[in-house]
Each structure stands twice: as C-alpha cells, then as structure tokens.
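What follows is a set of notes on a single structure, which appears directly below.
Since every read-out is calculated from the coordinates, none of them should be taken as a lab result. What you see is a predicted model, and the numbers here were worked out from it, not measured in a lab. Positions of Cβ are generated from backbone atoms using ideal geometry, with glycine treated the same way; all protein chains shown enter the neighbour counts.
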Amino acid sequence: MIHAIGMVEFTSIAKGIDAADIMSKTAEVEILVMKTLCPGKFMVLVSGDVSSVQQAVSAGAELGADTLVDQFVIPNVHHSILPAIGGGNDIPLPEIRAIGVIETYSVASAIEATDAAVKAANVEPLRLHLAFGIGGKSYCVLTGEVASVKAAVEVGSELAGEKGLLVHQLVIPRPHKQVLEGLL
C-alpha cells in the first residue's frame, strides 16, 4: 500500500534526471514515474512513507531549484489517484451523472488538485491527463452527483488557484454520451 506520493517537475530534462538520482539516494522511495513532458519538461513521481517522500522531494527540489516548475508531497494519497494517472478509472457511461474538469499549468498541481477534490466530496476521477501533447498543461475529469462534483471542483480549483496554476474549471451536468466517449 502506498502511504505517500511526492513529485518534482522541472523545465530541464537533465536537471530532472539528476534530481531523480539524488531523490533515490536521499531516502528510501520508489520511483513510480520518471519521464519527459511537453514542452520539454521532466517529472519525477515517488512513493514511500511520508518522511522519506518529504526528504526525497526536498532534495530534488533543492537540486533543481533554478528549473523547478512545481512540487508536492501528498500524505495518505487517495486510492483512486494512481489508477487515474495510469489511464483512468473504469466507470460505466450510464452511471456518469455529471463531470467536472480542473485544468492546470503543471502536472503537480493537477495531481494535487485531483487528490484534494476526491477527498472533499463523493466523486471519482475518470481521467488525469498529464501534459502529454497539450503544451505542458494537465487536467482531471471527475464524476459523481452534480452537487458533489461542484464541491470537488471548487476545492481542487482553489488549491491550484492558490499556486497561480489554475487555467480553468467547469462542471457539466448530464454530459452527452459523445462527450464522454471522447474523454475516455
């Protein structure tokens, strides 16, 4: 079971690779994702116990401070977050009552906003799209009852907005089947 996740996101690929190395050497963490992002950014996502993740993220952020875009540590990450990153949670289309979208300027802020949103209201992430082919932006798509989706989107958007990384947010009650098929 994953207790905590942490991430650093850089404008430099080389600094990101260097940060991944120092993060692995600093604390007992597992690298979950280490990859390039559009437009030429690099991310490192790690997991482990809270203290180890905090140490690793601090070391990575310090090493790449001059190229750091964003960072986070999420203790007790919600169980639906990693499947959403991996391609999405499988929810039958007829069960989708509403969708909410939170669009951000960084991968880290999108993951952080999604975790906060699913913890704030009874919603599930349908998808968490991470900066591949969309100019470095990221977004999550949440589903649930309309009131829950509105509450979740408000919480997640506020978190990203406080960092200055919110692009836009919306809630669509009863989305059309073609829209859902296009998103999933």
*Candidate lysines - alpha carbon under 29 Å from residue 177, same-chain residues fewer than 8 apart omitted*: 119, 137, 150
*Calculate the dipole size of the chain relative to its Cα centre from +1 charges on Lys and Arg beta carbons and -1 charges on Asp and Glu beta carbons; express the result in debye to the nearest 20.*
480
*Over the chain, what lengths in whole Å, largest first, do the semi-axes of the equivalent ellipsoid take, defined as the square roots of 5 times the eigenvalues of the alpha-carbon gyration tensor?*
29, 16, 14
*Given H placed 1.01 Å from N in the peptide plane, which residues other than close sequence neighbours of residue 97 have an amide H under 5 Å from its amide H?*
144
*If one puts a single equal scatterer on every Cα of the range 20-83 and applies the Debye formula without solvent, what log₁₀ I(q)/I(0) results at q = 0.18, 0.19, 0.27, 0.29 Å⁻¹?*
-0.65, -0.72, -1.29, -1.39
*Could you give me the percent of Cα pairs per 10 Å distance bin for the range 81-183, shortest bin first, beginning at zero and ending with the bin that holds the maximum distance?*
18, 53, 27, 1
*Report ³J(HN,Hα) in whole Hz for each residue of the range 146-161, in order, from the Karplus equation J = 6.51 cos²θ - 1.76 cosθ + 1.60 where θ = phi - 60°; Gly and Pro get x.*
3, 4, 5, 5, 4, 5, 5, 4, 4, 5, x, 5, 4, 4, 5, x
*Calculate, in nm to one decimal, what residue 168 and residue 35 gain on full extension: separation in residues at 0.36 nm each, minus their alpha carbon distance.*
45.4 nm
_Lys/Arg +1, Asp/Glu -1 at C-beta; the range 109-166 dipole; positive extreme among 121, 161, 132_ = 132
*Proximal aspartates and glutamates relative to residue 25, as straight alpha-carbon distance under 20 Å, when same-chain residues fewer than 8 apart are discounted*: 9, 49, 62
*In the range 104-120, which residues have a backbone nitrogen under 16 Å from the label point lying 7 Å from residue 179's Cα in the Cα-to-Cβ direction?*
none
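What does the charge dipole of the range 4-75 about its Cα centre add up to, to the nearest 20 debye, if the Cβ of each Lys and Arg holds +1 and the Cβ of each Asp and Glu holds -1? Don't skip to the answer; put the middle values down first.
On the way: 4 positive and 9 negative charges, 38 e Å.
For the range 4-75, the charge dipole is close to 180 debye.
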*Taking θ as phi - 60°, what are the ³J(HN,Hα) couplings along the range 63-77 by the Karplus curve (6.51, -1.76, 1.60), each to the nearest whole Hz, with x for Gly and Pro?*
4, x, 3, 6, 10, 6, 8, 6, 7, 7, 9, 10, x, 6, 4
*Around residue 132, what is the net charge, scoring Lys/Arg as +1 and Asp/Glu as -1 over all other residues with Cβ under 14 Å from its Cβ?*
+3
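Assigning unit charges at the beta carbon (Lys, Arg +1; Asp, Glu -1) and nothing else, what dipole magnitude in debye, to the nearest 20, does the range 81-183 show about its Cα centre?
On the way: 8 positive and 11 negative charges, 39 e Å.
In total the dipole reaches around 180 debye.
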*Backbone HN-Hα couplings from phi across the range 96-105 [Karplus 6.51/-1.76/1.60, Hz, Gly and Pro as x]*: 7, 8, 7, 10, x, 10, 10, 10, 10, 8
